[in-house]
Every structure is written in C-alpha cells, then in structure tokens.
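Read through the structure below, which is laid out as structure tokens, and then see the notes.
Bear in mind that the values in this text are calculations on the coordinates, not laboratory data. It should be emphasised that the depicted structure is a prediction, and the values quoted were computed from it without experimental measurement. Reconstructed Cβ throughout: ideal geometry from the backbone, glycine too, with neighbour counts over all protein chains shown.
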Amino acid sequence: MVQAPSLTLAVEEEYQFVHPETRALERVLLQRIAADGLFWREITPTGLGAPRHDRDVPRVRRVADIESILKEQRSQVFKMAEREGLEVAVAGTHPFASWHDPDEALVARYNRQDQLMDMMIARLLFFNMNVQVGVEDRNLAVDIMDVSRYMMPHILAISASSPFWRGEDTGLKSVRSVLMENVPRSGMPDRFRSWSAYRRFIDSMLRTGSMTAETHVWWDVRVHPTLPVIEFRVCDANPRLLDVIALIALFQALVAWLWDLRRRNLTFRLYHGDLIKENRWRASRYALDMPLIDFGKREELPARSLVRELLHLIMDYAEDLGSRTYLERIYTILETGTSADRQKRVYEKHQDLREVVHHLVQETRQDVV
C-alpha cells in the first residue's frame, strides 16, 4: 500500500526592501523555511549574496503553526529593514524597479552556469511564493504532480500580484508568471507517470551539462529531487499574510484530496499540457476576470466558479486538517479581487507607481503588526 503523506509544510517568501521616500527597490531578501532548515540570501543591484543557513526549523503540519512562524519571520524582517531606514513590501514584482545588466567584471565572478542562472533570475526582478508539502512516497509525489498541473492556473489566478513591471502597466495580472517562462525548465511540467521516469529526466539533464544541480527545475509544480516534498511554485509573492496562509492551506488540502483519490484507486482526469497552458495564459493575463476552460465539459466557465468548485472538492480535507477557516479566506479573494486588482485600483486613483509601492508596504504589515 502507498504510504500516506505526512502533509508537513514549509514555505519560501521573498521580501523587497524599499526606500521610504522614493519607494525605490534597494535590495531583496529571499528567506526559506524548509525541511532542511531556514536559509536566506540577499540580492542587490551589484550582486547576489551567498546562501546563509541560520538554524534548523522543525517541520510542521498545522497551518496555524506555519502562520505563527511566518508572522514571526515577517516581524524580524521588518526590524531588519527598520535598522537600515528601509521598509518592506511583498508582491510578484516591484512596480518600477529596473536593475541594469551586470558588467563584465560581475559576470566573471559568476562564471559557473548555476551562478549565472541565479543572477539572470535576480535581474528579471520577479518574486515567487513557494510552498512545500510533505509527500514521502516518490511515486505518489509524481502522481500528484501530474494531476495537480490542471489546477495550477486556477491557483495562479487567485495569487496574481504583479500587474506592473519596470514602470509600465503590463496589461497582465501576473507578469511574474510570464517572465518566469524566460527561465529554462519553468512553467508547466510534462507528465512523468513515475519516479523512475522523473529521475531519468533529472539524470539526463545533469549528464549532458544542461543543469549543474538537481534543483535547477523551476516548474509551477515539481517533486523536489532531494527532499521528500512536492513543491508548488506557481504563486506570485503576496503582500497580505492572510492570503498567503490561505494559499498554503489550499495546497495542503489539495494534496490530501489527491492522496485520498489515489488511496481509493481513483484519480482526476489528466489533460494535455498545451490545454493547461491555455488556462495558464488566461490566468496570467486576466486572473479571475476571464473565463477559464473546463476541459471535461469542453466549455468556458467563469474563473471564480471553477475556483469555488475546487474549494468544494477539498474543503472537507481542510476541515480534517484544522485549516478550514484559513481556506475560506479564498472566498474573500473571489469577492474583493486579487492583490493585482488592488494595485491597479491604487494606480488608477493616484496615477503614481510610488503610491502602489506605499500600498504594498501597508498591506505587507497589515496582518502582522
């Protein structure tokens, strides 16, 4: 019998340090609470800092515990920024930051492929929120990855938080998800069917020099190659902590539901990747404001209706996990709009992207202090 997943939780957030007057981006702090401890690194206009490992962090299963950890983490990040006279914002992009391409001397410092790739990602200036859910059986994890691809556009639509980039209204709700596609091995993964097939892909990429590390796969959802987790990377970074916790609760309940289907020898229908990519584009462009395609019914349906359908399927599992209250926050997002919608409303009112940054600073603090 397939081993039941532990459903333990870990999360990575990326924090923007901004100047309190100009609202310009000064640097970025990437902080990860993961199964292998708490790591952080900094990005500045002149380079990429080496990863630092602060301490071991116990893996938790309760969403309430991850909420406490993230609240404390954000509080510490606020204090760190205040000591430097800066403020903190979280979003899928900074509305007008534009760091120049590195000069030759800087490239020489990062001449290995993996370091150069890190630098390229940093220069694109987009920010994810990544959630890990413990799934110890590797074949089960691959099965969940294959099936959950279908739901990733729905979740992207909920989390959209990047309508502006380098001083422009991009016309997208999640330009971050489009920029990410410039990075190799990103976007929607292929179907792998088994851990051995997935492992053969990783080994082939390493053997041919296409990757220099097992972790250089940045799909919207992936089985972590070294940790016993499935990792969801589809979301924009979000300013409001309550929204972040709701998304974490959604991912955990989603995995619990898919495990239960597998346990009962059932599954969710698998669809061709190109069909899912059509929904991904619609979510990037319009978030919740354009129909997504229900491929089972072969028709367009309002995105909000499809998200409500997903919530209906997984809500009982959230109840069992003690996270129903957190998950119900998604209904508020459906009613009032995404972070991208709020940012666009602020810009329409003030016609000033600095006011959008100010709004993000306020929202980032809203559920913490």
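Things worth noting here:
- Residue exposure sequence - Met290, Met145, Met188 - by fewest surrounding Cβ within 10 Å: Met290, Met188, Met145
- Placed amide H near Glu26: partners under 5 Å, 5+ positions off or other chain: Phe17, Val18, His19
- Along its three principal directions, the equivalent ellipsoid of the chain from the Cα gyration tensor extends over semi-axes of 30, 25, 21 Å, largest first.
- Options Phe268, Tyr326, Leu306, ranked by Cα towards positive dipole end of region 253-331, top entry (Cβ charges): Phe268
- Phi-derived couplings, Karplus 6.51 cos²θ - 1.76 cosθ + 1.60 at θ = phi - 60°, listed residue by residue for region 163-176: x, 10, 7, 6, x, 10, 7, 6, x, 10, 8, 9, 5, 4 Hz, with x used for Gly and Pro.
- The chain - percent relative contact order, Cα under 8 Å, separation 6 or more: 21
- Helical contribution to [θ] at 222 nm, DSSP H n ≥ 4, -39,500 (n - 2.57), averaged over the chain, rounded to 500: -14500 deg cm²/dmol
- Cross-link table Lys79/Lys344; Lys297/Lys344; Lys71/Lys297; Lys277/Lys344; Lys71/Lys173, entries beyond 31 Å C-alpha to C-alpha: Lys297/Lys344; Lys71/Lys297
- Among the trypsin sites (Lys or Arg not before Pro) in region 237-295, those placed in a DSSP loop whose Cβ has at most 11 other Cβ atoms within 10 Å are Arg264, Arg269.
- Database remark: amide H of Gly187 closer than 5 angstrom to the amide H of Asp220 (H placed geometrically; neighbours at sequence offset of 5 or more, or on other chains; Pro and chain starts carry no H).
- Those aspartates and glutamates that a straight Cα-Cα span of less than 13 Å connects to Lys349, excepting residues fewer than 8 apart in one chain: Asp341
- Computed from the alpha carbon positions, the gyration tensor of region 241-290 leads to an equivalent ellipsoid with semi-axes of 24, 20, 6 Å, biggest first.
- Exposure proxy for Glu299, Glu26, Glu181: other Cβ atoms within 10 Å of each Cβ, ordered fewest to most, give Glu299, Glu181, Glu26.
- Couplings 3J(HN,Hα) of region 263-276, computed from phi: 4, 9, 6, 10, 7, 9, 4, 8, 10, 4, x, 5, 5, 5 Hz, in residue order, whole Hz [Karplus 6.51 cos²θ - 1.76 cosθ + 1.60, θ = phi - 60°; x for Gly and Pro].
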